[in-house]
Amino acid sequence: MCIYEHTKGVQVIKLLFLLIFSTQIFASSLLELIEQAQKNDLVEVYKYKLDSTGKAYEATKSSYLPRVDIGAIEQFTSPADSLGAGQIYSAYAEVTAVLIDGFKRENLLEEKEKLNIASKHDLQQIKKDISLEVASIYFNMQIIKADITSLKHSKIQLQEQLHQQQRFFKAKLTTEDNVARIEAAIANTDYQIELKKYAYDEYASKLHTLTNTEIRELKQQNIIEPKDVEAKELDSIKSMQAQVESIGYKAEQLESTNYPTLILSDKYSYYKYGDDGLKKLGIPNVERIESQNVVTLNLSMRLFDFGTASKQKELVLSEQNALFSELIYKKKEVKENIKLALRAIEKAKKLLYASELSQDASNRTYKIVHKKYKARVVDYVNYLDALSNKIEAEAQYNRALGALQISYAKYYYNAGFDIKDYIK
């Protein structure tokens, strides 16, 4: 019998060890979740946009390099005149270069470069947005998880009291309504647990969408308290600034139509003739040209367009002014958000301190009431009230703890930093 009990005990220990070990294997840390989320499909969209703007810049740059064209022409004429040729075959190679275009080239390249810079900042900003969202979900899940644990402990204590009251009822030492009230309290606790579980599952579903990872368990990680952290400009602000500048360069391109354009081309052609009328006439010392090189310098300038270019420029500048006004507003908003984030940290610290005091007081009160209840000095109403206050104090503490971590995350976000760099 002793050997059996010993073997059974060893098996239980092994089972517990495996459960704990497997939980640690499948548990996800905050840093892992953020890194996984920053590889999701939404981030890929911004990567493609960045790639697109980069290629647009390179394509624009290449379009202003000298262009080389080759071609061939085959011409048949019937009937051909007496001096003409019935068949003309030609091949050519042509080099074309834009020498002057009224500064359109420079402004177009600057526009594309600024759009590429804006895309780079958009990519960085979406990663930081995702980091904040993951961190908020993560700490809310931790809060709910702690609440569920507290409620389960409460249920265990209520079940113990229920068994005691049932024994008392059988011994006719208590009434049936006392038993029914504790049963109702247990049922209400079950209801609260299920609500919390559903809320946890909702957050887990959101986290799964962001990370494409099945959330089984969460590893405990915290965010480092921000100390002497100087705020820097947000990537969203930098992106908007680059967009404002790109629109300015777009407006200058419209102005370039009022300046001269100079294009240089050099075309070399080779000809071959069939059914040649000149040869039939037999005119001496007269031959057709078999090869020819033509250099062309084309200068053009628009003198009058009924104000079309200037009106188009005014339209683009209006768009720039609108975006610039939005940029000014966003900068003010960011400054206020940083102030609010600092106040949120101060508030969260005060709430955490208050909740610690409340939890300590409710725990001590519960212990006293619990002893009196066992000694039947106080009734079940006082006991349930003390237990309820204890659970609520624990929940307040958990919420305050999570709120402090979220306030740290929001400060780093509003200060222009990626939260994943400040996780411990």
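The values are calculated or read from the model by the stated rules, or taken from the named source; none is laboratory data. Owing to the predicted nature of the structure, the values given are computational and were not obtained by experimental measurement. Positions of Cβ are generated from backbone atoms using ideal geometry, with glycine treated the same way; all protein chains shown enter the neighbour counts.
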Return a yes/no flag: does segment 388-408 have any residue that is in contact with a helix residue (DSSP H, G or I) (Cβ under 8 Å, 6 or more places away or on another chain), in a helix (DSSP H, G or I), of a type in the set (A, V, I, L, M) and surrounded by fewer than 15 Cβ atoms within 10 Å (Cβ to Cβ).
no
With respect to Ile144, is the statement that it is in a helix (DSSP H, G or I) and under 30 Å from His370 (Cα atoms) true?
yes
Evaluate segment 371-381: report whether one residue or more is out of contact with any Leu (no Cβ under 7 Å at 6 or more places or on another chain), at pLDDT 90 or above and either assigned by TED's automatic domain parsing to the domain that holds Leu173 or surrounded by 20 or more Cβ atoms within 10 Å (Cβ to Cβ) (or both).
no
Select, from Ala135, Ala97, the only residue that is among the small types (Gly, Ala, Ser) and not in a helix (DSSP H, G or I).
Ala97
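A quick yes/no check of all residues on (1) among the basic types (Lys, Arg); (2) at pLDDT 90 or above:
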position: Met301; (1), (2): no, no
position: Leu323; (1), (2): no, yes
position: Lys339; (1), (2): yes, yes
position: Ser358; (1), (2): no, yes
Answer yes if at least one residue in segment 388-396 is touching a Ser or Thr at 6+ places or on another chain (Cβ under 6 Å) and charged (D, E, K, R), and no otherwise.
yes
Here are the criteria: (1) outside any helix (DSSP H, G or I); (2) within 30 Å of Lys238 (Cβ to Cβ); (3) of a type in the set (Val, Ile, Thr). Tell me which single one Val377 does not satisfy.
(2)
For segment 409-424, what are the residues that are of a type in the set (A, V, I, L, M, F, W, C) and outside any loop (DSSP other than H, G, I, E, B)?
Ala409, Ile419, Ile423
Can you find a residue that is outside the structural domain of Ile224 (by TED's automatic domain parsing), surrounded by 10 or more Cβ atoms within 10 Å (Cβ to Cβ) and either charged (D, E, K, R) or modelled with pLDDT of 85 or more (or both) anywhere in segment 79-87?
no
Suppose the filter is modelled with pLDDT under 85, assigned to a strand (DSSP E or B) and surrounded by 10 or more Cβ atoms within 10 Å (Cβ to Cβ); does Gln75 pass it?
no
Just to check your reading of the model, which residue among Asp69, Asp81 is in contact with a strand residue (DSSP E or B) (Cβ under 9 Å, 6 or more places away or on another chain) and among the charged types (D, E, K, R)?
Asp69
Where residues in segment 190-219 are at pLDDT 90 or above and of a type in the set (Ser, Thr, Tyr), which of them is surrounded by the most Cβ atoms within 10 Å (Cβ to Cβ)?
Thr211
Identify the residue in segment 239-281 that is of a type in the set (S, T, N, Q) and under 30 Å from Ser119 (Cβ atoms) and, among all such residues, is modelled with the lowest pLDDT.
Thr257
Name every residue in segment 32-66 that is basic (Lys, Arg) and within 24 Å of Arg216 (Cα to Cα), in order of residue number.
Lys39
